[in-house]
Amino acid sequence: MYKTMILALGLAVGSGGVAMAQSAWTGGDDLPTSPLACDGAAGAAAAMPYDGGQPTAAPDLKGQKITVVDVPKLIGIGYFNATSKGIADAATELGSVDAKTDGPTKANIDEQITFLDNYITSGVNGILFAANDPVAIAPVLKKALSKGIHVVGYDANSTPDAREWFVNQAQFNGIAKSMIDNMAKEAGEEAAFAIVTSTFTTPNQARWIAEMAAYQAQCHPKMKWLETVEAQEDNVLSFNQATTLINKYGDELKGIFGMTSVATPASAEAVSQGGKCGSIAVVGLATPNAMKPYVEKDCVKSVVLWNPVDLGYAAMYVLRAAIDGDLKPGATSVKAGKLGELQVINGSEVLLGQPYTFTKENIGNFDF
Amino acid sequence: MSFDVMQSRPSFPRRLLGFVEANGQEAIILAAIILLFVVVGVVNPRFLGNSNLTSIFSGNAYIAVAAIGMALVIISGNIDVSVGSLIGVLATIAGTLAVNGYPIIVCWLAPLAVGVAINAFVGFLVAYVRIPSIVVTLGMLSVLKGGLISATAGAWINNLPPEFMLAQFRPFGVPAPIYFMVTLTLLAALWMRYSGFGRTIYAIGGNPDAARVTGIRIERSIVCVFMIHGFFAGIAAVLFATQLQVIQSTVPPNLELTVITAAVVGGVSILGGTGTVIGSTLAAILFAAIGSALIFTNVSAYWLRAVQGLFILATVLADMARRRRLR
């Protein structure tokens, strides 16, 4: 009788262990992962047919002066000020491009549609957008295409057939590689680390965590994941959770990943208030302004995101290439000035490249 | 045959109820806290480490402070579901003043004044216009939340001056929020117990008609209760705003629920008339400790909500049963 129970107990524990090993880290999703090569070689892009939309009877404007309007989600915030600067930089570099940014002061899809509609009526050659809603924005973009206006999105996509190209700022496996590589560099190849995320089911965060688990297993096999904790998108809760992790693991804990722009500064604050700067590394996704205090006092060394100036810059180059006929459906890459050749992925998306790491040296150049 | 057994010995729920009546909800919560600390402390001794105890008490003191005001409101027979939004707004006001160079004392006191003013209006609508408090505060919740998002566009407040960070002060090595939590709880408890106005609040919540007959000016008292609640929300907001280097300029998710739960589980009858602020503070500490314990025992944080919900149900059921027996 007792033997049977112990056996059953052992089996239950054993099967539990196996199940945990299969699902990698808590907070990741179960979708297939595609970790990048450890040396950063570009992964082979799976061929996918072009699925964008094309303008109807667009005039041939190759090399001629063009008028372009950029309608981001909203104007007047640091992030879109930075993309707008990139667009203006590219326009200056390209010459013969008259680019301006205009849009709603709140991230409101109705207002954004009104802006787009007005610019379509007033007559422009190209539209750049960052959609407040992928579906709701589609009809007005299709209207632009039907009038022969070239349409390129960046930052936030629409449904693919409503624009020609979308400049994708970062892929999940790229972010994952950058996060894990930075942690390995700062905390060591054998570091034990924990993760502070929003919730276990938030789609983007779950995808990043799954990709991080796959990349770590492949490229930094001796690092050790301890646990993932949830902190919603709540500043104080994130701080409390990170502090509890520090208290729980003591000296064993060498690093904390922040998976949201709320969790990362709060984790940095927890490390800072806990007097652990230098002994616990914080690596995470965050915007530069929130991280400046910690980066400037050397408590945080790497903040992973993309460079919004480069994003706007690439979007302008992609639009010019589409207007000039240099970027046609089926192309596998496109030239984007100082950024070099950018890869075409997922049918009609242009990949900006590897994520950008903000450090003490460069973080002062950004204001968002 | 089992009938005889029950005759001779009260059933377990009966005995538990008897214990509650004799020792009060506060004793049960205190026992639960001690039990939790012992059990989790055995599983992982670091749980009882100095830094973890500090973060449990200090990191959640603002909830306990807000729950004091909430307890008064509920004892008076009302409720406030907008307190989370109010704290979000007041914290943003404090931070905005601080980064614009106003004297620190102004930054600390302005949220108190604004909290009192806003809740004076809420109390007026409840007491004189006679709109049920749940409706008024539900409206306030949306007004404050929407207003905050419109006014700040979600921009965070950075670069707060160090001398503003009240919650990070550590007089004699103990974080300032703990002093606030303990002092305010004790003062409020004594005041509720011995002052005339404290007894008035119990009277209004327990039996408004009887209170009116004895000459209590109910309307004015209710406005006062809401104003006091606004004052405590202001203090909570300052502690909340000064914990970290940034203020999010949003409403902390589910904060009102956490505050109401602390008050109710701490023994404040949701029907008004009974309860103490010592209970609400103990309950706030209990939930903070549970949240930390879940991490130490590798249990998903989702359980915190479930546990909070169970506590509410159990407390309200016990309250109902108690009232039925007294009747």
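Of the peptides B:26-32, B:280-286, B:162-168, how do they stack up when ordered by the mean number of other Cβ atoms within 10 Å, highest first? Kindly include the intermediate steps, with their values, before the conclusion.
Values: B:26-32: 18.1, B:280-286: 28.1, B:162-168: 16.0.
Peptide ranking by packing, descending: B:280-286, B:26-32, B:162-168.
Using only Cα positions of region A:172-305, each an equal point scatterer, no hydration layer, compute I(q)/I(0) via Debye at q = 0.17 Å⁻¹ and quote the log10 values to two decimals.
Computed log10 I(q)/I(0) values: -0.78.
Please list, ordered by chain and number, the residues whose modelled amide H lies under 5 Å from the amide H of A:R163; skip anything fewer than 5 residues away on the same chain.
Sorted by chain and number, the residues that satisfy this are A:G53.
B:K145: which lysines have alpha carbons under 22 Å from its alpha carbon, excluding same-chain residues fewer than 8 sequence positions away?
A:K73, A:K106
Using only the alpha carbons, work out the radius of gyration and Dmax of region B:227-309 in angstrom.
Taking only Cα atoms of region B:227-309, I get Rg and Dmax of 14.3, 42 Å.
Can you list the aspartates and glutamates whose alpha carbon sits under 12 Å from that of A:K335, skipping same-chain ones fewer than 8 residues off?
Partners found: A:D326.
Please list the three semi-axes, largest first and in whole Å, of the ellipsoid equivalent to region A:214-368, using sqrt of 5 times the eigenvalues of its alpha carbon gyration tensor. Before the final figure, lay out the partial values.
Working: eigenvalues 267, 62, 34 Å².
In descending order, the three semi-axes are 37, 18, 13 Å.
Once phi is turned into ³J(HN,Hα) by the Karplus curve 6.51 cos²θ - 1.76 cosθ + 1.60 with θ = phi - 60°, what whole-Hz value does each residue of region B:112-129 show in order, with x for glycine and proline?
Listing the rounded values in order: 5, 5, 5, x, 5, 5, 4, 6, 5, 5, 4, x, 4, 4, 6, 7, 9, 7 Hz.
Excluding residues fewer than 8 places away in the same chain, name every one of the lysines whose C-alpha is closer than 19 Å to that of A:K248.
Straight-line reach from A:K248, under 19 Å: A:K224, A:K276.
Going by amide H atoms built from the backbone, whose H comes under 5 Å of the H on B:I79, apart from near neighbours?
Hits under the 5 Å cutoff: B:S133, B:I134.
How would you classify region A:234-326 from its alpha-carbon gyration tensor, with a ≥ b ≥ c the square roots of the eigenvalues: rounded for a/c under 1.5, else prolate if a/b is greater than b/c, otherwise oblate? Mind dumping the intermediate values first?
Values: a/c = 3.38, a/b = 3.03, b/c = 1.12.
Judged from the Cα gyration tensor, region A:234-326 comes out prolate (a/c at least 1.5, a/b above b/c).
Within 10 Å of each Cβ in peptide B:49-57, how many partner chain Cβ atoms are there on average? Round it to a whole number, please.
Numbers: counts 3, 1, 8, 5, 1, 3, 10, 4, 0.
Averaged over the peptide's residues, the number is 4.
Once phi is turned into θ = phi - 60°, what whole-Hz ³J(HN,Hα) does the Karplus curve with 6.51, -1.76 and 1.60 give for every residue of region B:267-284, x standing for Gly and Pro?
Values, residue by residue: x, 6, 5, 5, 8, x, x, 9, x, 9, 7, 5, x, 5, 5, 4, 5, 4 Hz.
Per-residue ellipticity at 222 nm for the protein assembly as shown, helices alone: DSSP H runs ≥ 4 residues times -39500 (n - 2.57), over residue total, nearest 500 deg cm²/dmol?
The per-residue figure over the protein assembly as shown is -18500 deg cm²/dmol.
For chain A, what does the relative contact order come out to in percent, with C-alpha contacts under 8 Å and a separation of six or more?
Details: 773 pairs, mean separation 79.1, N = 368.
Relative contact order, chain A: 21 percent.
When N is the residue count of chain B, what does its C-alpha Rg come to as a fraction of 2.2 N^0.38 Å? Before the final figure, lay out the partial values.
On the way: Rg = 20.6 Å, N = 327, 2.2 N^0.38 = 19.9 Å.
Rounded to two decimals, the normalised Rg is 1.04.
Quantify how strongly other chains surround peptide A:105-114 by giving the mean number of their Cβ atoms within 10 Å of each of its Cβ atoms. Could the numbers behind the result be given before it?
Values: counts 1, 4, 2, 0, 0, 0, 0, 0, 0, 0.
Per-residue shielding by partner chains comes out at 1.
Provide Rg over Rh for region A:65-161; use the alpha carbon set for both Rg and the Kirkwood Rh (inverse mean inverse pair distance). Mind showing how you got there, number by number?
Numbers: Rg = 12.3 Å, Rh = 13.2 Å.
Computed over Cα atoms, the ratio is 0.93.
Apply the Karplus parameterisation 6.51 cos²θ - 1.76 cosθ + 1.60, with θ equal to phi minus 60°, to every residue of region A:227-241 and state each ³J(HN,Hα) to the nearest whole Hz, in sequence, with x for glycine and proline.
These are the phi-based 3J(HN,Hα) values: 6, 10, 10, 9, 9, 6, 10, 10, 3, 5, 5, 4, 4, 5, 5 Hz.
Using alpha-carbon pairs under 8 Å, 6+ residues apart, how would you state the relative contact order of region B:184-327 in percent?
Relative contact order, region B:184-327: 22 percent.
Hey, how much of the P(r) for chain A falls beyond 40 Å, as a percent of Cα pairs?
Details: 14624 of 67528 pairs.
Above the 40 Å cut-off, chain A has 22 percent of its Cα pairs.
Can you give the direction-averaged projected area of the convex hull of the alpha-carbon atoms in region B:76-172, in nm²?
Details: hull surface 31.0 nm².
The number I arrive at for region B:76-172 is 7.8 nm².
Using Cα pairs under 8 angstrom and six or more residues apart, how large is the relative contact order of region A:172-305, in percent? Could you put the intermediate results ahead of the total?
Working: 258 pairs, mean separation 36.2, N = 134.
Relative contact order here is 27 percent.
Indicate the gyration tensor shape class of region B:252-296 (rounded, prolate or oblate), computed on the Cα atoms with a ≥ b ≥ c the square roots of the eigenvalues: a/c under 1.5 is rounded; otherwise a/b larger than b/c is prolate and the rest oblate. Mind showing how you got there, number by number?
Values: a/c = 3.21, a/b = 1.71, b/c = 1.88.
Oblate, because a/c is 1.5 or more while a/b does not exceed b/c.
Can you tell me what percent of all Cα-Cα pairs in the protein assembly as shown are more than 36 Å apart? Before the final figure, lay out the partial values.
Details: 121622 of 241165 pairs.
It works out to 50 percent of all Cα pairs.
Residues of B:237-249, mean number of Cβ from any other protein chain within 10 Å of their own Cβ, rounded to a whole number? Mind showing how you got there, number by number?
Numbers: counts 0, 0, 0, 2, 1, 0, 7, 11, 12, 9, 1, 9, 1.
Other-chain Cβ atoms within 10 Å of each residue's Cβ, averaged: 4.
Short version: what are the Cα gyration tensor semi-axes of region A:187-247, square root of 5 times each eigenvalue, largest first, in whole Å?
On the way: eigenvalues 95, 51, 8 Å².
Semi-axes from the Cα gyration tensor: 22, 16, 6 Å.
Read the figures in this text as sums done on the coordinates, not as results from a lab. Not measured: the values here are computed from a predicted model. Virtual Cβ from ideal backbone geometry, glycine too; neighbours counted across all protein chains shown.
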